[in-house]
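Report on the structure given below.
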């Protein structure tokens with residue numbers, strides 16, 4: 001009796017898109033409309049770091065302006081020319097460019113201000129106890145048991 005054959009490599013676009021477009025509570029989830037993520041790391045069962053193939057439609061943004069307390073992040077642009085927005089300003093990115101965000105560093109996100117789709121890889125570790133802070137929004141995120149829990153900055157839960 002033969003064993004099923006598993007493929008050690010696949011086309012990244014063959015990984016299903018994330019079933020829930022955003023984990024942000026209302027009204028913040030609408031701000032990332034037009035973002036599609038394929039969770040490559042989860043597909044392969046990676047435990048120590050995550051990798052997403054992310055697409056931004058014209059006008060879409062990657063996330064709210066944010067930073068992580070413990071997680072390092074890296075992005076690598078595959079297609080398109082997104083604008084990297086940080087607390088320090090903006091920079092137009094091109095395919096082949098990358099940017100890294102150490103834990104506790106500057107808040108950041110990408111915006112697609114063009115008429116073409118942007119595709120990039122986002123890579124981050126899965127540090128326990130990570131928290132996300134959002135300097136422009138009444139929002140904080142705490143990683144609890146592998147899931148993000150969102151609260152107001154004063155600690156009240158979102159409904």
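What is the extension gain from residue 49 to residue 11, computed as 0.36 nm multiplied by their sequence separation minus the C-alpha to C-alpha distance, in nm to one decimal?
11.7 nm is the gain from fully extending residue 49 to residue 11.
Just to be sure I understand the model, the point goes 7 Å from the Cα along the line to the Cβ. What's the resulting residue 152 to residue 30 distance in nm?
1.9
Give me the one-decimal nm value for the distance between modelled label points at residue 88 and residue 19, 7 Å along each residue's Cα-to-Cβ direction.
So the two model labels end up 4.0 nm from each other.
Can you compute the equivalent ellipsoid semi-axes for the chain, i.e. the square root of 5 times each eigenvalue of the Cα gyration tensor, sorted largest first and rounded to whole Å?
They are 26, 21, 15 Å, listed from largest to smallest.
Listing 97, 143 from the residue with the fewest other Cβ atoms within 10 Å to the one with the most, what is the order?
Ascending Cβ contact count within 10 Å gives the list 97, 143.
Laboratory data are not the source of any read-out in this text; all were calculated from the coordinates shown. As the structure is a computational prediction, the values presented were derived from the model and not from experiment. We place every Cβ from the backbone using ideal geometry, glycine too, and count neighbours over all the protein chains shown.
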